[in-house]
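The values are calculated or read from the model by the stated rules, or taken from the named source; none is laboratory data. Computed from a predicted model, the values in this text were never measured in an experiment. Positions of Cβ are generated from backbone atoms using ideal geometry, with glycine treated the same way; all protein chains shown enter the neighbour counts. Side chains are part of the model used for accessible areas, which takes the heavy atoms of the whole protein and leaves out ligands, DNA and RNA. Shrake-Rupley method; radii C 1.70, N 1.55, O 1.52, S 1.80 Å.
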Amino acid sequence: MAIFVFAAPAWAGDAVNGGKIFGANCAACHIGGNNAVNPQKTLKKTDLEKYDMYSLDKITYQVIHGKNAMPAFGGRLSEDQIEDVATYVLSQADKGW
């Protein structure tokens, strides 16, 4: 008899710290996982998957470099802070925000 255990993925960063950084830097446009600038491209899991952004590396890259109306945070946040934010975004997406 096989026993299966399902658990949420373990992301690399610190989601609690990422939540604080997100609140201070990202929530103005992304409160509750939404997107105030482009409502079709939210941080919700279905949209992250739809736009091939459901990965720590892809979210980290976008936070560092920015895209379209989103500014680059690579010069404002440390690598660890950015990884924490990406971890927070993925963990919240998994929880449904």
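Values computed for the structure shown
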quantity	calculated
Residue selected from region 57-89 under the condition free of Cβ contacts under 8 Å to residues at least 40 places away in the same chain, closer than 18 Å to ALA12 by Cβ and in a loop (DSSP other than H, G, I, E, B), by the criterion least open to solvent (accessible area, probe 1.4 Å)	GLY74
Filter pass, GLN92 being in contact with a helix residue (DSSP H, G or I) (Cβ under 9 Å, 6 or more places away or on another chain) and part of a loop (DSSP other than H, G, I, E, B)	no
Considering residues of region 30-56 that are open to solvent by less than 90 Å² (accessible area, probe 1.4 Å) and part of a helix (DSSP H, G or I) only, the residue nearest to ALA86 (Cα to Cα)	LEU56
